[in-house]
Amino acid sequence: MERIAIFPGSFDPFTVGHASVVRRALPLFDKIIIGVGINENKRALFPVEKRVETIRRIYSREPRISVYSYDTLTTDFARKMGARFILRGLRSVRDFEYERDIAEMNSQITGIETVLLFTEHQYACISSSAIRELISYGKDVSEYLPKPDQP
Ligand code: ADP
């Protein structure tokens with residue numbers, strides 16, 4: 001049976017921190033499906049289609065990674081994709097508290113297990129929200145965004 005993980009998130013935008021999680025998780029799974037969650041309650045900077053397209057370009061040379069958007073419960077998306085694992089990254093105690101509750105509920109209700117990877121320390125303070133803020137002040141954020149074809 002193939003080991004498939006989904007990596008769900010808003011990815012608004014997808015950062016070098018996210019890419020680090022994907023890169024380090026790749027040896028653990030046969031396939032990683034990056035799921036861009038459509039959340040009506042969160043005001044996004046980049047449209048979902050643009051986020052999907054940008055991430056696809058980053059991984060265009062990696063056949064084991066695919067990218068889709070979804071607007072359902074994350075566990076329903078995982079099931080639909082045949083994934084038994086949810087991949088998430090941890091930067092802080094705050095991330096930990098949040099992830100623990102969701103992971104436990106997901107595991108109890110659906111049996112889908114969450115695999116958590118710690119951030120690499122050089123990326124610990126990189127977040128999509130901080131990057132959005134820099135963009136809103138016209139700053140160059142290219143160093144925080146992975147380049148196409150070279151994650
Ligand atoms: P969400 O809105 O679901 O939290 P994000 O796009 O902000 O989605 O993040 C997706 C996942 O990536 C989360 O598990 C988050 O903790 C993780 N993540 C975000 N930034 C980093 C980083 N710099 N290092 C490691 N993991 C990260």
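Helix 48-58 sits at what angle to the longest principal axis of the chain, using alpha carbons and giving 0 to 90 degrees rounded to 10?
Result, in degrees: 90.
Quick one: which residues, 5+ away or cross-chain, put their amide H under 5 Å from the amide H of V36? H built at 1.01 Å from N.
It is Y68, S69, Y70, by chain and number.
Where in region 43-151 are there chymotrypsin sites (Phe, Trp or Tyr not before Pro) that are in a DSSP coil and have at most 14 other Cβ atoms within 10 angstrom of their Cβ?
Working: sites: Y59, Y68, Y70, F77, F85, F96, Y98, F118, Y123, Y137, Y144; in loops: Y59, Y137.
In loop regions of region 43-151 (DSSP not H, G, I, E or B), the sparsely surrounded chymotrypsin sites (Phe, Trp or Tyr not before Pro) are Y137.
Helix 93-110 versus the longest principal axis of the chain: what is the Cα-based angle in degrees, 0 to 90, to the nearest 10?
30 degrees
Note down the Stokes-Einstein diffusion coefficient of region 1-73 in µm²/s, whole number, using a Kirkwood radius over alpha carbon pairs, 20 °C, and 1.002 mPa s. Intermediate results must be reported in sequence, preceding the final value.
On the way: Rh = 12.6 Å.
D, rounded to a whole number, is 170 µm²/s.
Write down the accessible area per residue of region 49-151 in Å², having rolled a 1.4 Å probe over the full set of protein chains.
On the way: 6980 Å² over 103 residues.
For region 49-151, the solvent-accessible area averages 68 Å² per residue.
Could you please state how large a percent of the accessible area of region 86-151 is carbon and sulfur, counting protein chains only and using a 1.4 Å probe?
Numbers: 2460 of 4600 Å².
For region 86-151, the apolar C and S fraction of the accessible surface comes to 54 percent.
Please determine, in degrees from 0 to 90 and to the nearest 10, the orientation of helix 16-25 with respect to the longest principal axis defined by the Cα atoms of the chain, where the helix direction is its Cα long axis.
In the chain, helix 16-25 runs at an angle near 30 degrees to the longest axis.
With the cut-off at 1.5 for a/c, could you classify region 1-139 from its C-alpha gyration tensor as rounded, prolate or oblate? Could the numbers behind the result be given before it?
Values: a/c = 1.42, a/b = 1.30, b/c = 1.09.
Cα axes put region 1-139 in the rounded bin.
Roughly speaking, what % of Cα-Cα pairs in region 31-100 are separated by over 15 Å, rounded to a whole number? Walk me through the numbers before you get to the answer.
Numbers: 1491 of 2415 pairs.
Value for region 31-100 (Cα pairs over 15 Å): 62 percent.
Which of the trypsin sites (Lys or Arg not before Pro) found in region 69-145 are in a DSSP loop and have at most 12 neighbouring Cβ atoms, other than their own, within 10 Å? Could you put the intermediate results ahead of the total?
Working: sites: R79, K80, R84, R88, R91, R94, R100, R132, K139; in loops: R84, R91, K139.
Sparse-neighbourhood loop trypsin sites (Lys or Arg not before Pro): K139.
The values are calculated or read from the model by the stated rules, or taken from the named source; none is laboratory data. The structure presented is a predicted model; accordingly, all values stated were derived computationally and were not measured. Every residue, glycine among them, receives a Cβ derived from its backbone with ideal geometry; neighbour counts consider all protein chains shown. Surface areas here come from the heavy atoms of the whole protein model, side chains and all, with no ligands, DNA or RNA. Shrake-Rupley method; radii C 1.70, N 1.55, O 1.52, S 1.80 Å.
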